[in-house]
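This report refers to the structure that appears directly beneath it.
The values are calculated or read from the model by the stated rules, or taken from the named source; none is laboratory data. On a predicted model such as this, the values are computed, not experimentally measured, just so you know. Neighbour counts are summed over all protein chains in view; Cβ atoms, including those assigned to glycine, are modelled from backbone coordinates with ideal geometry. Heads up: the accessible areas ignore ligands, DNA and RNA and are worked out on the full protein's heavy atoms, side chains in. Shrake-Rupley method; radii C 1.70, N 1.55, O 1.52, S 1.80 Å.
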Amino acid sequence: MQNKTTLSIYVDGKKISAAKDDNLLDILNKNDFKIPTLCYHKGVPSYGACRLCSVEIKEKEKTKIITSCTYPIRTDGLEVFTNSSEVLEIREMIIKLLLAKTPSSEKIKELAKTYGVESEDRFVTDEDKDKKRNKENLCILCGLCVRTCNDVLNKGAISFVNRGIDRKVAPPFEEPPKECIGCEACSVVCPTGQAKTKIQDSRKYIDPWGAEFDVIKCGNCENLYFFTDQTINEVNYKTKSESELNLGSVNEDSEYARYCPKCKRKLNIKNFKDSKTLI
Ligand code: SF4
Ligand code: FES
């Protein structure tokens, strides 16, 4: 494998090494620079929707503001400023807008507290004031759930619909999506808790898309476990070779896939101990 070129960058005056094309936000995080983010997840393609991770860069004597989560490092000697007055101003403005849009979001309130930002009435539109939905709506339209469902899982169960103040994330025709497999990935990545999963009486509810599923029983201990049949089928389809690798003495994909995490761990430890070839 070809080695990547190593570059030096200067973040708030501190020299840091990075490989060419490394994601700037990852490098900042790795070096303990605190950059707020909302729409970034390492496992999901970056899009630069919330702009909260904005930093200022200086290249060839020119400065500009960029979103660090979408920026590949390509210039040796790149200078990065994470707290310049422009960066602080943009960050404050974004948080004020988010506070106006989702005043009930604990995540946004926490962010505002951390960065000493207070809400301002001038950002709250008349529609926002009037709409009860604004009190319940925690969605900041970051699109992480949509990108996860479409780009990572290739399911396309949800997408953005409508324009302007009516823009939102919804399943096709705003009906419970047939494409949803109940994997919960949208709830896991959602930064505000708008996309959430509830399990009650062996049923799983993915809100707010209206999807509902039976949860399965572990194939070994028979305890109820959060997977759905649809998720198992997807896992079996996509990771056949991986499950075969893990299976050891169990040859049935679906049997292993139906084990709860605790039983899978036990089985893997047993297989590892039993394996003479590994030691
Ligand atoms: S539901 Fe959550 S993840 Fe999806 S767009 Fe809204 S805030 Fe982002
Ligand atoms: S985290 Fe980079 S734009 Fe949202």
Would you call Ile199 β-branched (Val, Ile, Thr), touching a strand residue (DSSP E or B) at 6+ places or on another chain (Cβ under 7 Å) and more than 16 Å from ligand 2 (Cβ to nearest atom)? no
Could you check, for the range 30-44, whether at least one of its residues is modelled with pLDDT of 95 or more, outside any loop (DSSP other than H, G, I, E, B) and more than 10 Å from ligand 2 (Cβ to nearest atom)? yes
Report whether or not Tyr47 is open to solvent by 20 Å² or more (accessible area, probe 1.4 Å), touching a helix residue (DSSP H, G or I) at 6+ places or on another chain (Cβ under 9 Å) and within 16 Å of ligand 1 (Cβ to nearest atom). yes
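In the list Ile73, Ile95, which residue meets the criterion of being in contact with a helix residue (DSSP H, G or I) (Cβ under 8 Å, 6 or more places away or on another chain), closer than 25 Å to Arg167 by Cβ and either loosely packed, with under 15 Cβ neighbours inside 10 Å or at pLDDT 95 or above (or both)? So that I can check it myself, show each step before the final result.
Details: Ile73 fails: closer than 25 Å to Arg167 by Cβ.
None of the other options fit; the residue is Ile95.
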Looking at Lys42, Lys20, which is the one that is exposed (fewer than 11 other Cβ atoms within 10 Å of the Cβ) and in contact (Cβ under 8 Å) with a residue 12 or more places away in the chain? Lys42
Specify the residue that is farthest from the chain's Cα centre (by Cα); the eligible residues are those in the range 149-193 that are open to solvent by less than 50 Å² (accessible area, probe 1.4 Å) and β-branched (Val, Ile, Thr). Val161
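Which one is nearest to ligand 1 (Cβ to nearest atom), of the residues in the range 50-62 that are in a loop (DSSP other than H, G, I, E, B) and basic (Lys, Arg)? Even if it seems obvious, please write down each step before you answer.
Of all residues in the range 50-62, those in a loop (DSSP other than H, G, I, E, B) come to 50-53, 60-61.
From what is left, the residues that are basic (Lys, Arg) are 51, 60.
Details: Arg51: 14, Lys60: 36 Å.
Ranking the candidates gives Arg51 first.
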Can you tell me which residues in the range 30-52 are among the polar types (S, T, N, Q) and over 26 Å from Leu153 (Cα atoms)? Asn31
